[in-house]
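J.: Can you keep this structure in mind? I'll have questions shortly.
The values are calculated or read from the model by the stated rules, or taken from the named source; none is laboratory data. Here the structure is a predicted model, which means the values were calculated and not measured. Glycine also receives a Cβ, built like all others from the backbone with ideal geometry; neighbour counts cover every protein chain displayed. The protein model used for the area step is the full one, side chains on, heavy atoms only, and it has no ligands, DNA or RNA in it. Shrake-Rupley method; radii C 1.70, N 1.55, O 1.52, S 1.80 Å.
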Amino acid sequence: MTENTAPVILVVEDEPAQLELLSYNLSKEGYSVVRAEDGESAMLLADEVEPDLILLDWMLPNISGIEVCRQLKRQKRTASTPVLMLTARGEEEDRIRGLDTGADDYVVKPYSIKELLARVRSMLRRTRPGSVGQTLEYREIVLDPVQHKVTRGGQSIKLGPTEFRLLVTLLEMPGRVWSRDQLLDRVWGRTADVDLRTVDVHVGRLRKALREYDDRDPIRTVRGFGYALDQD
Ligand code: CA
């Protein structure tokens with residue numbers, strides 16, 4: 001997992017020792033960690049960073065984790081972001097299980113880090129399958145992120161590292177229309193000083209490589225906006 005393609009996890013926890021422990025273990029697994037200590041900054045960061053997953057503690061000062069979760073699920077930009085709630089055993093657990101909080105999964109404190117990491121991995125398998133080593137397929141295009149191999153119709157396709165990351169991103173959500181800005185964040189990293197036209201250049205290279213043995217263009221240009229892996 002390179003730094004740029006590592007899934008971003010927003011950890012929301014007000015207890016410093018817990019926050020440190022979670023951040024340490026998630027970073028060690030190769031995830032890129034963003035931290036928040038209260039609900040307000042969690043919501044701001046979620047909107048700004050668009051994390052791949054949010055680890056959200058129930059007991060937070062001011063706004064509770066449940067309320068944060070409800071609000072995140074109401075916002076367009078974060079509505080589909082998976083939320084893993086951390087909760088104490090007992091009443092909270094019952095309420096998470098019983099109520100329509102919008103949380104996608106929950107872990108009961110005290111949790112084992114191993115179990116928590118397994119849960120994170122399993123949630124990311126659905127939303128960022130390439131990042132956890134799943135083979136990605138769309139039509140006749142197959143990408144193996146572990147062996148770093150791409151084929152189309154069984155023919156081996158040679159890609160540069162940037163084109164490879166671009167294809168991983170597109171294959172993780174076929175049909176999704178990506179803005180050039182979003183691709184820039186995802187493929188080059190949020191802090192990269194790269195021109196938007198660079199995205200066009202690399203999409204062009206990816207197209208050319210994919211069409212080497214099959215002339216059908218699997219990438220659709222959405223004029224004035226971006227791209228989608230969306231053949232026909
Ligand atoms: Ca707490």
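J.: At 1.4 Å probe radius, can you tell me the per residue accessible area of the chain in Å²?
T.: Accessible surface, normalised per residue, equals 51 Å².
J.: Would you work out which of Pro110, Asn25, Thr135 lies farthest towards the positive end of the dipole of the chain, given +1 charges on the beta-carbon of Lys and Arg and -1 on that of Asp and Glu, about the Cα centre?
T.: Of the listed residues, the answer is Thr135.
J.: Mind listing the phi-derived Karplus ³J(HN,Hα) values for the stretch 14-31, rounded to whole Hz, using 6.51, -1.76 and 1.60 with θ = phi - 60°, and x for any glycine or proline?
T.: 8, 8, x, 5, 5, 4, 5, 4, 5, 4, 4, 5, 5, 5, 4, 6, x, 7
J.: Another one. What percentages make up the Cα-Cα pair-distance distribution of the chain when the bins are 10 Å wide from 0?
T.: The distribution over the chain is 7, 31, 31, 19, 10, 2, given as percents.
J.: Most mobile of Gly160, Gly90, Gly133 per a Gaussian network model of the chain (Cα springs, under 10 Å)?
T.: In the Gaussian network model the winner is Gly90.
J.: I'd like the trypsin sites (Lys or Arg not before Pro) in the stretch 87-171 restricted to DSSP loop residues with at most 10 other Cβ atoms within 10 Å, sorted by number.
T.: Arg89, Lys158
J.: Taking the Cα atoms only, what angle lies between the long axis of helix 161-172 and the longest principal axis of the chain, rounded to 10 degrees?
T.: On a 0 to 90 degree scale, this one is about 60.
J.: Could you pull out every one of the lysines with an alpha carbon less than 20 Å from that of Lys149, ignoring same-chain neighbours closer than 8 positions?
T.: Of all the lysines, those that pass the test against Lys149 - Cα under 20 Å, at least 8 places apart if same chain - are Lys158, Lys208.
J.: Charges on Cβ only, +1 for Lys and Arg, -1 for Asp and Glu, centred on the Cα centroid of the chain; of Thr221, Val49, Met123, which one is farthest towards the dipole's positive end?
T.: Of Thr221, Val49, Met123, it is Thr221.
J.: What's the percent breakdown of Cα-Cα distances in the stretch 8-131 across 5 Å bins, shortest bin first?
T.: With 5 Å bins starting at 0, P(r) equals 2, 12, 24, 27, 22, 11, 2, 0.
J.: In the stretch 1-82, which trypsin sites (Lys or Arg not before Pro) fall in coil by DSSP and have 16 or fewer other Cβ atoms within 10 Å?
T.: Answer by residue number: Lys76, Arg77.
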